[in-house]
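Provided herewith is a single structure, encoded as structure tokens, for subsequent inquiry.
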Amino acid sequence: MNISQNLHAQTSIAKTEIQPLLIQLRSPSGIAAFQLTVQAELWWQMPAKPTSGGKPFISTHIRTTPLFKASMAKVVTHQTLGKRKLSIQNLRPHTELLKGPQAIPPKPTPSNNEVKFTDPQKIDLKALITRAYTRDDELVFGPLAEEFGTKDKAWKIVTIPKAGENYTIAYQPTSQLDVFNFLPQVFRIKAKEQNGDPRISISMIAGEDDQLENYKIIMAITLVPYYNALAKKDLYRELNKITKGLTKYCELRLGGYKSVRFELRSVYSGENAVLTGKIPETIAEIDPVNGFVLNVECKFDSFDNFRREIGENEGIIIGDIAFELLSAEEGDVTKIHKVPVELNISKLAGVNLAINADVATQDEIHVIKGVNVNNTNNFDVLLKGIDLTLLSQIEGSVYDAEYDPVLEATWPASLQKGSAMPVVIKPETDENDEPELWTDIVCEPYGISILNDPGKVLERLIDFATGDPQVWRLEISCPLFERWNDLDDPIKSPYTQVSHVITEIKNEKGQTFSVKLKIDSSISVLEMSRSISEILKSQQLKERKYQYRVGTIYIINPPHWTDWLIPESTATDFLSVNPQPLSNP
């Protein structure tokens, strides 16, 4: 070798030694320091005398000190798949005075044309190479992650068969090892935070005439994404498997799509729709994070059926949210993935429970004993179960995870408002195994339902509906007072002590209204309205059910009240009443 030129060396690094580097890249800083210690021996010999015709050789006290520059090779060959070649460049000779033990060659002694050499000698070379990498160093980090991360960034769609309920997980790797795009499993009706009722508003719009079949009932239903906690757990298991244990836990986010739209299923569209009503066949653009509003327009003959389908029965899958997914190459659309839209009063999204970890201290070590599930809502709930994962995490890097700890709890569990339920993690029974040290806990409840009759919940929503086909104007009159001035005294005599008449009206909901009639004001109009529920029960617009009673107020004697009476006809807008005469005026 020519020591006046650079010395190039090459070595291989086992893939098992790369894993600590990748773990550092997962830290919040995203920077990994890589150190490589290089040790080498440089053997040499000095000629004892110059060659023929040469000048005398002058020995110099020198020492070769290497200066290293390390760079990762760019290409991974078939033979070195999973390993990285490291080029040691610029190993330059440097002349300096010897400062320690050294090999000093003897002075050469000239002879004829024979070249003689001294005994072999060596110099020990040692250097520490330190390099820092970030997640953006694709030449280094990308190839290194091949054996530990996913091999491509294509969307993966897997159907998970479960007892009683199947669901689909759709995920996509990103440029960050611990971040994955993840789609929801279903869109559901959003629950109101204050009372847990479904976020549905109902209004009624009158048609061109008073015919019942021409009135419209509009329901605005708010739908939001729902992520199944068990689906997340299955994703963690899948990633742990395909990354050979490197990815035990990750951050999930909604991304990796170009557009999102709503599509109505064919069974609910067209003239042969199962439910007669007007539902948009498509909504070109929706917000998949915060949700969207679906407007359903029904006639009276279909509203009652629709109400039963989403409230009293098992619910319906009204349509799908179509995600237009992107491939690894930006801008390339690869596939359409559809997420079902479920309308079911019994299965709402957005009902939250507070989870607190139960941590004890043993020998100055914090030990996670379990969790407390708190129902901080203003309503009772039924909990199907919780999904719990134990993590061993240091500075943001997860080194180990337990996906299936044994829990001491009975499911399903009923939680009254303001109550709490302790869930204990059963300790390991094998005394020979050293217990794991878990630093963090991730707990998500699933299968939360509200302990209310879905039919009654929907009835309550209907009662608060806005709009009415017409204002109910009930004209209440007293014929006696109307003709008072035309009557003879013998007829008026029993009523001379009457001050006025009070008529009370009670509608179907039990609400009471009253009017006062006198001789100089013998007619009064009472304005009322009926809710959609009342109209649906009667299936009539003009027939209104009510009760009334009449109170006769005398000048001296105590008042007289009749019992609650049913009018002769509820289809008219008129009611006639008369005061109670005194037997001895």
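Quick check: residue separation of ILE555 and ASN485 times 0.36 nm, minus the Cα distance between them. What number comes out in nm?
23.3 nm
Same structure again: Could you sort the peptides 352-358, 299-305 by per-residue average Cβ neighbour count (10 Å cutoff), highest mean leading?
The packing order, highest mean first, is 299-305, 352-358.
With every protein chain present, what is the per residue accessible area of region 383-423 (1.4 Å probe, Å²)?
On the way: 2130 Å² over 41 residues.
Value for region 383-423: 52 Å² per residue.
Please state the relative contact order of region 166-235 as a whole percent: Cα pairs under 8 Å, 6+ residues apart?
With pairs under 8 Å counted, the relative contact order is 32 percent.
May I pose another question? Given a Förster distance of 25 Å, report the FRET efficiency between GLU285 and ASN166 from their Cβ-Cβ distance, rounded to the nearest 0.05.
0.30
Holding the Cα-Cα limit at 19 Å, pick out from LYS216/LYS347; LYS190/LYS335; LYS190/LYS456; LYS190/LYS233; LYS216/LYS506; LYS347/LYS456 the pairs that are longer than that.
From LYS216/LYS347; LYS190/LYS335; LYS190/LYS456; LYS190/LYS233; LYS216/LYS506; LYS347/LYS456, over 19 Å: LYS216/LYS347; LYS190/LYS335; LYS190/LYS233; LYS216/LYS506.
Which far-off residues, 5 or more places away or on another chain, put their amide H under 5 Å from the one on ASN377, with H placed in the peptide plane?
Amide H neighbours of ASN377: GLY418.
Can I ask one more? So how much slack lies between ASN295 and TYR399, counting 0.36 nm per residue of separation and subtracting their Cα-Cα distance, in nm? Display every interim value, and only then the final one.
Values: separation 104, 0.36 × 104 = 37.44 nm, distance 4.79 nm.
Value of the extension gain: 32.7 nm.
Please list, in chain and number order, the residues 5+ apart from ASP358 or on another chain whose amide H is under 5 Å from its amide H, with Hs placed from the backbone.
LYS369, GLY370, VAL371, ASN372
Continuing with this model, one more query. What nm distance separates the two modelled labels at GLN511 and ILE365, each placed 7 Å from Cα along Cα→Cβ?
Going from the GLN511 label point to the ILE365 one covers 6.7 nm.
Also, I was wondering about something else. How big is the shadow of the Cα convex hull of region 352-405, averaged over all directions, in nm²? Could the numbers behind the result be given before it?
On the way: hull surface 21.2 nm².
Dividing the Cα hull surface by four gives the mean projection, 5.3 nm².
Could you give the size of the charge dipole of region 309-423 about its Cα centre, using +1 on the Cβ of each K and R and -1 on the Cβ of each D and E, expressed in debye and rounded to the nearest 20?
It works out to roughly 480 debye.
Now, a different point. Pop a pseudo-label 7 angstrom from the Cα along the beta-carbon direction at both ILE336 and GLU324 and give the gap in nm to one decimal.
The modelled label-to-label distance comes out at 1.0 nm.
Now, a different point. Based on the Cβ-Cβ distance from LEU437 to THR130, what FRET efficiency comes out when R0 is 41 Å, to the nearest 0.05?
E between LEU437 and THR130, to the nearest 0.05, is 0.85.
By per-residue mean of other Cβ atoms within 10 Å, what is the highest-first order of 414-427, 484-497?
Answer by packing, highest mean first, reads 414-427, 484-497.
Still on this structure, please answer the following. Expressed in nm to one decimal, what extension gain is obtained for the pair GLN497 and SER266 from 0.36 nm per residue of sequence separation less their Cα-Cα distance?
75.9 nm
Please sort by residue number the trypsin sites (Lys or Arg not before Pro) in region 222-260 whose DSSP state is loop and whose Cβ has at most 15 other Cβ atoms within 10 Å.
Filter output for region 222-260: LYS244.
Go through 195-204, 178-187 and give me the packing order, highest mean Cβ count within 10 Å leading.
Ranked by mean Cβ neighbours within 10 Å, highest first: 178-187, 195-204.
Separation between the GLU312 and LEU451 pseudo-spin-labels, each 7 Å from Cα along Cα→Cβ, expressed in nm?
With each label point 7 Å from Cα toward Cβ, the separation is 2.5 nm.
The values are calculated or read from the model by the stated rules, or taken from the named source; none is laboratory data. Every value quoted in this text rests on a predicted model; they were computed, and no experiment measured them. Every residue, glycine among them, receives a Cβ derived from its backbone with ideal geometry; neighbour counts consider all protein chains shown. With ligands, DNA and RNA removed, areas are computed over all heavy atoms of the protein, side chains included. Shrake-Rupley method; radii C 1.70, N 1.55, O 1.52, S 1.80 Å.
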